[in-house]
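What follows is a short report on a single structure.
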Amino acid sequence: MLDAQFIRDNPGLVRKAIADKNAGEADLVDRALETDQQRRASLTDLQTLQQQLNEAGKQIGPLMKEGKRDEAAPLIEQTTQLKEQLKEVEETVRKREEAFNAVMLEIPNIPHESVPVGHSPEENEVVFEWDELPSFDFEPKPHWELATKHGLIDFERGAKVTGAGFPFYIGKGARLQRALIQFFLDLAGEAGYTEMQPPLVINEASGIGTGQLPDKEGQMYMTEPKIEELNNVLWRKLTELYQENENIEEPKIINTFVRDVMSEGHDLDVALKATAKVLAEQMIEEGLFALYMIPTAEVPVTNFHRDEILDAADLPIKYAAYTPCFRREAGSYGKDVRGLNRLHQFDKVELVRFVHPDESYDHLEQLREDAERAVQQLGLPYRRVLMCTGDMGFTQTKKYDLEVWSAGQGRWLEVSSISNFEAFQARRANIRFRPEGGGKPQFVHTLNGSALALPRIVAALLENNQQADGSIMIPECLRRYTGFDRITEVPG
RNA sequence: GGAGAGGUGGGUGAGUGGCUGAAACCACCGGUUUGCUAAACCGGCGUACUCCGAUUAGGGGUACCGAGGGUUCGAAUCCCUCCCUCUCCGCCA
C-alpha cells in the first residue's frame, strides 16, 4: 500500500507506475483521490458531531452531580438527536473508508528509477550471464528421466497420493534435498541471518500484510471449516436468538430471509436451517475463518514483526527460513510444468531483511550476492536478470531473478527472485522503527530473496552434472551433507 | 476437554463511571553540573486520523487502554460476544 498523502501529492507518478507495471485500470488514481476526498469530508462531519456530543456531555456532568436534572433535560434531549445523526454519519464513514481502502489496495508499488520500463519479459535486462555453458559429448537428458532412472523422485506415485505437482523424493533424492537445505541454511548463517522455522499456515491479516491478499488469493491453498459444522453452529445460534426474540432486529436481512422461506409454507425450523446454510456458504465464500498455506516463507517471516515498533539499533534484521511452499499455479501447462519445473509443493530457503529506508538498495545488492553465492558454490551456470516494470509484480520496486542453466532442457530456470518492497509491505503490515535519537516511528523497508528454491536447483544439478556413464556427480560443497559424491545407477 | 487469572503507552505497571490520553518507574531525547565516563538534578517524551495555518513553525479537534457490540447525558472502568496469554488438572506427539 502506498501512502495516501503521497498519492495526493504525486498523482502523476502513481499513474505512470500503474501504466508501466500494467497493473490496474487507468482511473485507479482518480478513484483513489475521489474516494479519499469523500472519506475525509464525512470524517470531518463525524468529528464535528462527536465534538458537539462531548461538549454537551461536559455541561451535563456537573448539572447531574448537583442534582439539577431539569436543567440538564434539554441538553440530554439535544444529545439524543445528535446521536441519531451520528449513527447515519458513522455508516457513511464506514462505507467510504471501505471504498477508499479497496482502491488503495489495488494500487501497485512504484518502480525504482533504475528499473527498465517495459511490458513483456523480453524487456527484462540480462545484467550478467555465465559465459561458458557446459558441453557434452552425448545428448544430455532432462532431469525427469535422470531422476526416474536413478529412483530419486517418484512423480507418478505423488500424483496418485495427492495430485500432479506433488512428487516423492526417495533415497538419495531425499538426501540431496536435505543436503541442499542444510547447505543453504549454513551459508545464510555465515552471512549473518538468524535461522527461523515459521508456521506453514497463515491467517488473512498476514496475507494482506505482505500483499498476497487480496489480489493473489487464487495462488494459495486455503483451509476452510467443514460447511456442515459451520452450518450447525449457525443454526443453533439462530434458533437461540429466535427463541428469545421472535424477530431479529439486526441485521434485518436475516429476518427477511427467514420470513421469505416461511412464506413459501415452511415452518420456522426449516427456515432457520435454510438461513444457516446460506449464511455458512456466504461466510466461507468471503474467506472468513480461512487460513492459507504459505506460498513462500516471506509471508510468515515478514509478518513476524507485524504491528511492531523496532529499535533502530537492531536494524538491519536478517532472517533465513527453510519451508515447504505451496502454490496452486492454476493455468500452466506443457513443458513448463514437466518434472520439477513447476510444482504445487516445493522446498525453499528464503532470506528476509528489515532495514533502514536509506539503505534498502544497498541491502538489495547484498541480498542478491547472498543468493548468487549459493549458486556459484554449487558450480551452476547462471544469469542475473533485472526485471522490467511490467514483469516485476505488484508489490516490488525493484527485482532481480537468478536463473540457472538447465542442460537437459536447454533453457534457463528461475531459482531465485530478490526484491525490494521499500515501505509497501511495512505500511500494510505496520512494521516501523524508532529512529536513532528518538522521534516519530517510521516504516522500515522490507526485502526478501530466495536462496534458493530447491526443485530447479535439483533439476539443474542432475542435468548439468550427468556423466557419459549415466552417473551424476555431486558438487564438492554438498558432499559433506549428502555423504556421497556421486549418484550411480542402481540395478533394479 | 475441565477450573481459574489476566490482556493498559517502547517496557514494567497503577487506575472500578466525568477532574484519566491515562500515575509512577524504566528506556529514550534535551539541558545543568562534573578531568572523561558514570552518577545526580531539571525539562521533554504515545499513535493514527482530521481541520486551520503557505506543504514551514504552530494551533484546534476526533479516535484509540486485546477486538466487536451494549448500558449511560458520559465508559480503560459496568454488561454481552469473540480472540489471545498465563496457571492448575486431564489428554497427547
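The values are calculated or read from the model by the stated rules, or taken from the named source; none is laboratory data. The structure presented is a predicted model; accordingly, all values stated were derived computationally and were not measured. Please note: Cβ atoms are built from the backbone with ideal geometry, for glycine as well, and neighbour counts cover all protein chains shown. When the accessible area is computed, the model is the full protein with side chains, heavy atoms only, and any ligands, DNA or RNA have been set aside. Shrake-Rupley method; radii C 1.70, N 1.55, O 1.52, S 1.80 Å.
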- Item | Options A:ALA459, A:GLY173, A:PHE100, ranked by Cα towards positive dipole end of chain A, top entry (Cβ charges) | A:GLY173
- Computed helical MRE - 222 nm, chain A, DSSP H runs ≥ 4 contributing -39500 (n - 2.57), nearest 500: -15000 deg cm²/dmol
- Placed amide H near A:PHE128: partners under 5 Å, 5+ positions off or other chain: A:ARG384
- Check A:ASP347: other-chain or 5+ apart residues with amide H under 5 Å from its amide H, H built from backbone geometry? A:CYS325, A:LEU454
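From the cross-link list A:LYS21/A:LYS160; A:LYS65/A:LYS87; A:LYS141/A:LYS398; A:LYS216/A:LYS348, which pairs have alpha carbons spaced over 30 Å apart?
On the way: A:LYS21/A:LYS160 40 Å; A:LYS65/A:LYS87 28 Å; A:LYS141/A:LYS398 35 Å; A:LYS216/A:LYS348 20 Å.
From the list (A:LYS21/A:LYS160; A:LYS65/A:LYS87; A:LYS141/A:LYS398; A:LYS216/A:LYS348), the Cα-Cα distance tops 30 Å for A:LYS21/A:LYS160; A:LYS141/A:LYS398.
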- Query: Quick one: accessible area per residue over chain A, 1.4 Å probe, rounded to a whole number of Å²?
  - Reply: 51 Å²
- Query: What FRET efficiency comes out for the pair A:ASP469/A:LYS65, r = Cβ-Cβ distance, R0 = 60 Å, nearest 0.05?
  - Reply: 0.05
- Task: Would you be so kind as to identify which of A:VAL127, A:PRO142, A:ALA159 lies farthest towards the positive end of the dipole of region A:125-164, taking Lys and Arg as +1 and Asp and Glu as -1 on Cβ and the Cα centre as origin?
- Result: A:ALA159
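Can you give the FRET efficiency for A:THR48 and A:LEU105, using 1/(1 + (r/R0)^6), R0 = 35 Å, r = Cβ-Cβ distance, to the nearest 0.05?
Details: r = 29 Å, r/R0 = 0.82.
Rounded to the nearest 0.05, the efficiency is 0.75.
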- Taking 7 Å along the Cα-to-C-beta vector as the label spot, tell me the A:GLU489-A:ASP3 distance in nanometres, rounded to one decimal. 6.5 nm
- Query: Over chain A, what lengths in whole Å, largest first, do the semi-axes of the equivalent ellipsoid take, defined as the square roots of 5 times the eigenvalues of the alpha-carbon gyration tensor?
  - Reply: 53, 30, 20
- Distance in nm between pseudo-label sites at A:LYS216 and A:ASN10 (7 Å out along the Cβ direction from Cα): 2.3 nm
- Would you grab the residues whose amide H sits under 5 Å from the one on A:LYS398? Only those 5+ places off in sequence or on another chain, please, with H modelled 1.01 Å from N. A:HIS112, A:ASN420
- Just tell me which lysines come within less than 19 Å, Cα to Cα, of A:LYS83; anything on the same chain fewer than 8 places away is out. A:LYS58, A:LYS95
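Using unit Cβ charges (K, R positive; D, E negative) and no other charged atoms, how large, in debye to the nearest 20, is the dipole of chain A about its Cα centre?
Values: 56 positive and 81 negative charges, 175 e Å.
That gives chain A a dipole magnitude of about 840 debye.
Hey, could you get me the Stokes-Einstein D for region A:4-106, Kirkwood radius over alpha-carbon pairs, 20 °C and 1.002 mPa s, rounded to whole µm² s⁻¹? List each step's numbers first, then the result.
Numbers: Rh = 16.3 Å.
Taking Rh from Cα pairs, D becomes 131 µm²/s.
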- Message: Per 0.36 nm of contour for each residue apart, how much would the distance between A:ALA174 and A:GLU476 grow if the chain were fully extended, relative to their Cα-Cα spacing?
- Response: 106.9 nm
- Query: Can you list, largest first and rounded to whole Å, the semi-axes you get for region A:69-222 by taking the square root of 5 times each eigenvalue of its Cα gyration tensor?
  - Reply: 58, 24, 18
